[in-house]
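Just so it is clear, none of the values below were taken in a lab; they were calculated from the coordinates. Predicted, not measured: the structure shown is a model, and the values here were computed from it. Reconstructed Cβ throughout: ideal geometry from the backbone, glycine too, with neighbour counts over all protein chains shown.
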Amino acid sequence: MSRERATNELWVPTGVGAVLDQYIGVLFTFVIGAVVVGVMVSASALLGGRRRTSVKDEVFECGNPSSGPARGRFSVQFYLVAILFIVFDVEVVFLYPWAIVFRELGVPGLVAMGMFLTILTIGLLYEWKRGTLVWE
Amino acid sequence: MIPTFPAIAWPALLPILMVSGLGLLLLGAGLYTDDEETLGWGALAGLIVAGIVTLVLVGGESVRTFNGTFALDGYALFFDWLFIAAGALIVLMSMGYLGETDIEVGEYYALLMFALVGMMVMAAATDLIVIFLGLEIMSISVYILVGSWRTQPRANEAALKYFLLGAFSTGFLLYGIALIWGATGSFRLDEIAARLPLADESTLLLAGIAMLIIAFGFKVAAVPFHMWTPDVYEGAPTTVTALMAVAVKSAAFAAFIRIFLWGLAPVHADWWVVLWVLAAATMTMGNLLALAQRSVKRMLAYSSVAHAGYVLVAVTSGSADGGAAALFYLLVYMFMTVGAFGVVAAIGRAGEPLENIEDYAGLATRSPLLGATMAIFMLSLMGMPPLAGFAGKFYVFSVAVQQDFIVLAVVGVLNSVVSAAYYIRLLVAMYMTPEPAEAPALGRRPYLIASIVIAAGFTVLIGVLPALGLQVARLSFLSMQ
């Protein structure tokens, strides 16, 4: 199915069939992937030998001897630190692009970033004042 | 390409900016004081100033900003005012309520303001993505508010239920937005409306519309997407329940009406049947289930489901008159429902809530004022002239009849009759049942009483002078662009 497309127009799909056509390659990739993986896994399960030892049955923890169950409890403070991290992370994500176009954006850009940073700072101060940074 | 700072219409954004700033201030102030009255007065003063600024802006002309994704027209300002008024009444209610709970006062008021900001963004957005942003700002704040009474198990349960189902419905909204983009190639409602008659991608478009209906159905609590409503409304602190019942629902309707009666108006023939069924089911199920409730808070939750159905009747008819009737109904519904939940808060007690219908026995003799105002709200919700609820229902049903949705109007009127049964049952309990001997004393709560009286005053006022309110609603709807 061929289709003419004007280069200067926004492309609008013209039928479900037209959309699906484009994904035929993806479909093939899925099928080939499933076949290859299926053959490999089943072949190694059928042909490979099995020798169970106590070391092999252990939980794999990057080669280290395992230390306790995976579902251990940990302090809720990690969660608060993670939130704190997001505050700075988001801040930096926006600060770098701004730094590049700092001169072009001029005073309005400075004001807008000032507002953004003020809001983030209030969040940081709030966490600080609430004692999140004090590790108990 | 030299990047330039986009032109932004700052003055028109003032209401949103003011309420955002107010939220930040309250968050900071909450670190230094836990006094519900000090913070409450601050919130109230800020909201009143924002409300006045909004009224001043109404006179100005409509502005579009942020590359046309944001319209500050009469429609947005109408809802801004509605949200600010609801927020102010709820702040007033909270000033007499928070002291009996374990809620962090500063955080509570700050989140309330942020929720209002989200609602105002939803009402002003003319772009599906910006609507989604507003919805998220609002929803996340309200999820936390529902669970803000952390030591109350049923509030925790309500927060978790609301969060899970709310997040699920958000997924539907995003999927719907994506499909509509696929069908039309735009997120902007004006462009979608312009391309719709040409787009022949009907399967994608219809699937997208269906997803949007599901998502907004969750938010406005329309049957069959209402399952969370009674549990969440019952478990949340009563002031937050009032916020959800009026402001969250109105915000969802604000976006819903803008999308369906403007962006998707050219394909009205494709979606009215779905909304017809949804409206009829919502009215009928809401009212029938409300009949069976013993808890007044649950009863009001089901009643709010039923009222979403009445608004859906107006949306289904799909005309400018329908839009105006829906806006007017939301305004009326706001005052009567905030007031009704105010009375529930005034009678309830912290930790040991008194919200069953037996607890209202003889209320009229224990507190004539609470009894009389609750009677006004119940009669208005029922649709008794000359109260506001009657005017709201009258316009909704007359629009339905004008647009030839006669069966739907008949279903609606029959539902009003059914609803009378449970509203009157409460009146009977208050006025004709002797008060129990060991009835706990009602505390003195001046702020709570003030908010209830103001809500009752507006319920009567709009009922007596409905034409003015309807005219405002009509002009607001027509200013949508």
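Mind giving me the nanometre distance, one decimal, between the label points for A:ASP21 and A:LEU133, set 7 Å out from Cα along Cα→Cβ?
6.1
Under a crude label model (7 Å from the Cα following the beta-carbon direction), how far is A:SER42 from B:TRP181 in nanometres?
4.0
Considering Cα pairs under 8 angstrom that are at least six residues apart, work out the relative contact order of chain B and quote it in whole percent.
Relative CO of chain B lands at 16 percent.
Please work out how much length the chain gains when fully extended from A:PHE116 to A:SER75, using 0.36 nm per residue of separation minus the C-alpha to C-alpha distance, in nm with one decimal.
Stretched out fully, the A:PHE116 to A:SER75 stretch lengthens by 11.7 nm.
How much FRET efficiency would the formula 1/(1 + (r/R0)^6) give for B:LEU461 and B:VAL277, where r is the Cβ-Cβ distance and R0 is 35 Å, rounded to 0.05?
With R0 = 35 Å, the Cβ-Cβ based efficiency is 0.50.
Rounded to whole Å, give me the distance from the Cα center of the stretch B:312-337 to that of the stretch B:90-109.
Spelled out, the Cα-based centre of one part sits 31 Å from the other.
Once R0 is set to 22 Å, what does the formula 1/(1 + (r/R0)^6) return for the Cβ-Cβ distance between B:LEU291 and B:LEU354, expressed as a FRET efficiency to the nearest 0.05?
0.55
Using only alpha carbon positions, build the gyration tensor of chain B, then give the equivalent ellipsoid semi-axes as the square roots of 5 times its eigenvalues, largest first, whole angstrom.
Equivalent ellipsoid semi-axes, largest first: 34, 27, 20 Å.
Once amide H atoms are built 1.01 Å from N in the peptide plane, which residues 5 or more positions from B:VAL63, or in another chain, come under 5 Å H to H?
Sorted by chain and number, the residues that satisfy this are B:LEU72, B:ASP73.
Computed FRET efficiency, Cβ-Cβ of B:SER319 and A:VAL55, R0 51 Å: what is it to the nearest 0.05?
The computed FRET efficiency comes out at 0.10.
What does the convex hull of the alpha-carbon atoms of the protein assembly as shown project to on average, in nm²?
Approximately 36.2 nm², given one-decimal rounding.
I'd like the Kirkwood hydrodynamic radius of chain A, using the inverse of the mean 1/r over distinct C-alpha pairs, in Å.
So the Kirkwood estimate lands at 23.0 Å.
Counting only other chains, what is the mean number of Cβ atoms within 10 angstrom of the Cβ of each residue in peptide A:118-124?
Per residue, the number of nearby Cβ atoms from other chains is 2 on average.
Quick one: helix B:36-58 against the long Cα principal axis of chain B, what's the angle to the nearest 10°, folded into 0 to 90?
Around 40 degrees separate the two axes.
For the stretch B:390-446, what is the convex hull volume of the alpha-carbon atoms per residue, in Å³?
114
Within a 10 angstrom radius of each residue's Cβ in B:274-284, how many Cβ atoms of other chains show up on average? Whole number is fine.
0
Before rounding to the nearest 500, sum -39500 (n - 2.57) across all DSSP H runs of length at least 4 in chain B and divide by the residue total; then give [θ] at 222 nm in deg cm²/dmol.
Computed mean residue ellipticity for chain B: -24500 deg cm²/dmol.
What ranking do B:108-119, B:355-366 get when scored by the average of other Cβ atoms within 10 Å per residue, highest first?
Descending packing order for the listed peptides: B:108-119, B:355-366.
With labels modelled as points extended 7 Å from the Cα through the Cβ direction, what inter-label distance (nm, one decimal) is found for B:LEU160 paired with B:LEU475?
5.0
Could you state the angle between the C-alpha long axis of helix B:406-432 and the longest principal axis of the C-alpha atoms of chain B, as a value from 0 to 90 degrees rounded to the nearest 10?
20
From the helices alone, meaning DSSP H stretches of at least four residues, give me the mean residue ellipticity at 222 nm for chain A, per-run term -39500 (n - 2.57), in deg cm²/dmol to the nearest 500.
So the calculated ellipticity at 222 nm is -21000 deg cm²/dmol.
Given bins 5 angstrom wide, list per bin the percent of all Cα-Cα distances in the stretch A:77-129, short to long.
5, 18, 25, 21, 14, 10, 5, 2, 0
Show me B:331-342, B:134-145, B:466-477 ranked by packing, highest mean number of other Cβ atoms within 10 Å first.
In decreasing order of mean packing, B:331-342, B:134-145, B:466-477 become B:331-342, B:134-145, B:466-477.
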